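Please treat every number below as a calculation from the coordinates, not as lab data. What you see is a predicted model; the values in this text were computed from it and never measured. Using ideal geometry, Cβ is built from the backbone for each residue, glycine included, and neighbour counts are taken over all protein chains shown.
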């Protein structure tokens, strides 16, 4: 199955992931535009080999992360004096406190993830797969070969480190 066919087969999942990442505001980037940008990048950057659904979603999540960060950087450089325009991301519904959405800055998250990757690549991978990839703990467990309880502990630890980093305590 070609990358085109695989993306077409999982198009609605990719749209749902993009919608969740963009939240309700999303700045100037829209769900469909993000999915199409991801499609073009994946098509240009991958061979004709078939991927598992988890692998495809992982690649798509990484690409979405790159597109979001690139868009935020571009807008920041276009503003007078380099002012940053914030893009809002929403935590997964299960992670939001009492149904409240937690808005986070794409560039601040990216900087925090880069630091986390340097300190603990496994924690960063769990954040990437769960937050950007939308994978559940059972899906991550199957993909990484790590039990769900361990992954949940990694998630809590990584989330606490990123929260401390974003709040300036880290």
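A few comments on the model shown:
- Sorting the segments 52-59, 112-119 by their mean number of nearby beta carbons within 10 angstrom, highest to lowest, gives 52-59, 112-119.
- Spin-label pair residue 120-residue 33: with each label point 7 Å from Cα along the Cα-Cβ axis, the two points sit 3.6 nm from one another.
- Separation of the residue 5 and residue 52 label points, Cα + 7 Å toward Cβ, nm: 2.0 nm
- With a Förster radius of 35 Å applied to the beta-carbon distance between residue 66 and residue 149, the computed FRET efficiency rounds to 0.70.
- Placing pseudo-labels 7 Å out from each Cα toward the beta carbon at residue 156 and residue 16 gives an inter-label distance of 2.7 nm.
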